[in-house]
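Please read the structure below before turning to the comments.
The values are calculated or read from the model by the stated rules, or taken from the named source; none is laboratory data. None of the values given here were measured: they were computed from a predicted structure. So basically every Cβ, Gly included, is an ideal-geometry build from the backbone, and we count neighbours across all protein chains shown. Surface areas here come from the heavy atoms of the whole protein model, side chains and all, with no ligands, DNA or RNA. Shrake-Rupley method; radii C 1.70, N 1.55, O 1.52, S 1.80 Å.
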Amino acid sequence: MARDLILRATKSHTGSSSDSPVQALETLEQRIVLAAPFAFDPNNTIVELQTTMGSIRIELFDSIAPGTVQNFLTLVQNDRYDRSFFHRHATNFVIQGGGYTYTAEDGLGDVVHNGKIQNEYGRSNLARTLAMAKQDGDPNSATSQFFFNLADNSSNLNNQNGGFTVFAQVYDDDSWAVVQAIAGLQIVNFGNPFNTTPVTENFDPQAGAVDESWFVYINDAVVIHTPQGVLTSLLNAVPNVSAGPNGTAVVAVLNEFGQTTIYQRLSGSSQWVAVDPDRDQTLPTPSKNLVTWRDPKDSRFYAAVPTSGGLLLYTNTAAGVWTTRNITSEISGAGIIDSEITQWKTNATRNNVFRIVGVMANGDVVQYEQTVTVLSGGGYRWNFKNLSDDLRAINATTPDFQGRLIAYSTAWDAWHIAGLDSAGQIQTIWRGPRMSQWVLSNLSTITGAPALSGGLSVYLTPWRGINLAGVDSSGNLQITWWIPRFAGTWVVSNLTSSISAPAVFGESITSFNTPSGGLNIAARTTDNDVVVFWWVPGAPGNLWRVQNVTTIVSTSTTPMALSGELSATASGDGITSIVGRGPGGKVVRYFGSVTGQTWSMEDLSSIATVV
């Protein structure tokens with residue numbers, strides 16, 4: 001039954017509020033931020049309490065107090081803490097919540113709990129920890145109420161009533177600052193058990209009735225990290241792979257929580273680790289998939305992802321260690337990319353600088369441009385360019401691109417960004433080495449290419465050839481290609497019919513070159529097998545061939561069907577990696593060689609160690 005709070009007369013109070021019956025109004029000083037008392041364990045769950053004064057991220061002690069953690073998570077997952085308020089602040093002692101809700105419509109209510117739980121005292125009640133509240137004289141009486149230890153309360157709470165179960169700690173300093181801000185609020189007596197309730201600046205002691213704006217609420221409580229969630233990809237997520245020397249590789253994907261997971265294969269090892277680079281900071285939620293690359297300038301791996309708050313750039317600074325920048329926030333006037341992104345690199349003559357391309361919500365094609373200037377805090381400076389501004393200057397209209405764009409730089413330093421429009425035509429925005437602005441060409445009109453669907457992929461050849469791969473409505477792999485001796489003429493070839501290959505899904509195709517000069521296009525067939533169309537110098541009859549990777553995977557492994565878009569790369573040792581999303585969100589890697597006709601498969605979600 002809903003109840004209401006009674007507004008009592010208040011007065012300033014400077015004594016302890018832990019047990020005092022005095023009607024109190026108090027302002028507390030800001031305290032020094034302390035370090036988390038226990039080392040972080042990546043196998044623990046992290047929950048974010050989204051309060052009206054800011055988010056508080058807490059690390060649960062899954063293995064230390066498993067029953068308590070499970071009870072807490074059940075309450076979180078069933079939204080029981082939503083609109084509950086912190087009803088008790090005992091000065092320099094605890095801030096307590098999880099017991100009561102309050103709304104203008106329903107008045108005061110109780111948080112619906114799941115009954116009493118077993119006491120699991122095992123860790124000390126140190127500052128920054130969270131423990132369960134319980135009734136005097138009953139160690140096993142905790143239900144939903146919990147408290148933040150504002151100080152080292154171990155000498156008291158560890159030794160009474162069976163010890164108070166510490167089940168979590170405040171994860172980061174930003175979160176602790178929110179707790180401290182709540183501790184700095186006025187305290188008001190609304191009658192037991194609300195005689196030390198923290199109130200916001202909206203509190204009016206002259207008001208005739210309680211207003212819900214006076215209290216500090218938990219608006220929502222959400223799980224933002226579990227080892228299982230980090231290792232499981234989001235529905236429709238597209239893993240993206242890059243390779244380096246000594247067997248190193250990275251695979252970046254959106255995880256179950258819609259955040260970034262980066263799998264990293266360590267140098268000279270078969271070991272994979274999984275990193276949640278967003279875990280240590282509050283960042284905008286990614287809106288699309290990631291891209292990865294290895295920069296030859298500093299030999300580091302990078303990843304990038306568009307978000308509603310800007311383009312995030314992840315930099316690998318050590319094994320399993322990644323830093324994050326929001327490069328949109330660093331550039332005055334930079335726009336927000338609202339599409340899938342692609343990355344490309346200029347030639348060595350242009351310093352091997354990287355570009356990240358995408359489409360804004362208004363349809364403009366834009367590009368983030370890396371420079372060679374290193375910032376004082378480390379990392380390269382980036383610029384921003386709206387390519388559609390160049391098209392408008394020549395009265396050209398930016399195509400209504402569908403899906404991911406592709407981008408590449410030719411051997412003679414011409415820059416191309418291409419994609420499919422809503423009619424399935426190949427549109428390319430390009431700029432030659434002596435041109436001052438970008439221009440637009442419709443390659444489908446020039447070449448007579450059939451309408452394509454799903455997306456494009458590009459591979460370049462040592463003899464300066466340009467090859468754009470796409471799939472028609474019948475699942476045929478169509479190659480729109482050009483070599484210098486063609487001058488202004490492009491050619492379209494149906495690769496599927498020429499070698500009697502199976503039909504494939506257009507959204508799945510990805511292409512790559514091998515160190516030996518091989519040309520390759522990986523795709524999913526309509527039977528969900530992974531196949532590679534491939535050609536190598538000296539091939540019999542100079543012909544392309546197709547290899548079904550799924551059917552020749554090592555007999556010790558049961559192949560998994562992949563879905564959606566694939567990503568592929570070849571490392572310096574000639575090993576090809578093809579990654580995709582497997583059943584249940586697993587991140588799956590096929591690796592091997594088409595020339596050796598040997599392939600293996602590994603489930604990164606099962607073998608990687610979360611760090």
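Some observations on this one:
- In the stretch 422-436, residue farthest from Thr480 (Cα to Cα) [restricted to those that are surrounded by 15 or more Cβ atoms within 10 Å (Cβ to Cβ) and touching a helix residue (DSSP H, G or I) at 6+ places or on another chain (Cβ under 9 Å)]: Arg431
- Single residue of the stretch 200-222 satisfying the filter (part of a helix (DSSP H, G or I) and open to solvent by 20 Å² or more (accessible area, probe 1.4 Å)) that is farthest from Thr52 (Cα to Cα): Glu212
- Looking across the stretch 64-81, the residues that are assigned to a helix (DSSP H, G or I), closer than 19 Å to Tyr171 by Cα and open to solvent by 10 Å² or more (accessible area, probe 1.4 Å) come down to Pro66, Gln70, Leu73.
- Members of the stretch 62-90 found to be touching a Gly at 6+ places or on another chain (Cβ under 6 Å) and of a type in the set (Val, Ile, Thr), listed by number: Ile64
- Tally of residues being open to solvent by less than 20 Å² (accessible area, probe 1.4 Å) and in contact (Cβ under 8 Å) with a residue 40 or more places away in the chain across the stretch 179-199: 13
- Residues that are outside any strand (DSSP E or B), surrounded by fewer than 21 Cβ atoms within 10 Å (Cβ to Cβ) and in contact with a helix residue (DSSP H, G or I) (Cβ under 9 Å, 6 or more places away or on another chain), drawn from the stretch 437-472: Gln437, Pro450, Ala451, Trp463, Arg464, Gly465, Asp472
- If you go through the stretch 503-529 and keep only what is assigned to a strand (DSSP E or B) and small (Gly, Ala, Ser), you end up with Ser511, Ala522, Ala523.
- For Ala407, the requirement of being within 25 Å of the chain's Cα centre (by Cα) and aliphatic (A, V, I, L, M) is met.
- Criterion applied to Pro306, Pro286 was being modelled with pLDDT under 95, under 15 Å from the mean Cα position of the chain (by Cα) and surrounded by 19 or more Cβ atoms within 10 Å (Cβ to Cβ), and the one residue passing it is Pro286.
- Condition met for Gly109 (surrounded by fewer than 19 Cβ atoms within 10 Å (Cβ to Cβ), out of contact with any His (no Cβ under 8 Å at 6 or more places or on another chain) and in a strand (DSSP E or B)): yes
- Considering only residues in the stretch 262-278 that are in contact (Cβ under 8 Å) with a residue 60 or more places away in the chain and open to solvent by less than 20 Å² (accessible area, probe 1.4 Å), the one that is farthest from Tyr590 (Cα to Cα) turns out to be Asp276.
Conditions (1) out of contact with any Ser or Thr (no Cβ under 9 Å at 6 or more places or on another chain); (2) farther than 23 Å from Trp535 by Cα, marked per residue:
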site: Ile426; (1), (2): no, yes
site: Ser436; (1), (2): yes, yes
site: Thr447; (1), (2): no, yes
site: Ser453; (1), (2): no, yes
site: Leu460; (1), (2): no, no
site: Asn467; (1), (2): no, no
site: Leu477; (1), (2): no, no
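- Pairs meeting the criteria (first residue in the stretch 46-63 and open to solvent by 10 Å² or more (accessible area, probe 1.4 Å), second residue part of a strand (DSSP E or B) and among the hydroxyl-bearing types (Ser, Thr, Tyr), beta carbons under 6 Å, at least 6 apart or on different chains) are Glu48/Ser55; Thr52/Tyr217.
- A single entry from Met560, Met601 fulfils the requirement of being open to solvent by less than 50 Å² (accessible area, probe 1.4 Å), among the aliphatic types (A, V, I, L, M), in a loop (DSSP other than H, G, I, E, B) and closer than 18 Å to Pro239 by Cα: Met560.
- Some residue of the stretch 357-366 being in contact with a helix residue (DSSP H, G or I) (Cβ under 8 Å, 6 or more places away or on another chain), over 30 Å from Asp280 (Cα atoms) and not in a strand (DSSP E or B): yes
- Among the candidates Ala168, Ala151, Ala142, residue that is buried (at least 19 other Cβ atoms within 10 Å of the Cβ) and either in a loop (DSSP other than H, G, I, E, B) or among the hydroxyl-bearing types (Ser, Thr, Tyr) (or both): Ala142
- Residues that are under 24 Å from Val366 (Cβ atoms) and of a type in the set (Gly, Ala, Ser) were ranked within the stretch 312-338; the one that is most open to solvent (accessible area, probe 1.4 Å) is Ser332.
- Qualifying position, being loosely packed, with under 14 Cβ neighbours inside 10 Å, polar (S, T, N, Q) and at negative phi, among Thr480, Thr496, Thr576, Thr489: Thr489
- Residue in the stretch 393-407 that is farthest from Asn467 (Cα to Cα), counting only those that are touching a Leu at 6+ places or on another chain (Cβ under 6 Å) and not in a loop (DSSP other than H, G, I, E, B): Gln402
- Residues (open to solvent by 50 Å² or more (accessible area, probe 1.4 Å) and in contact with a helix residue (DSSP H, G or I) (Cβ under 8 Å, 6 or more places away or on another chain)) located in the stretch 385-417: Thr397, Gly403
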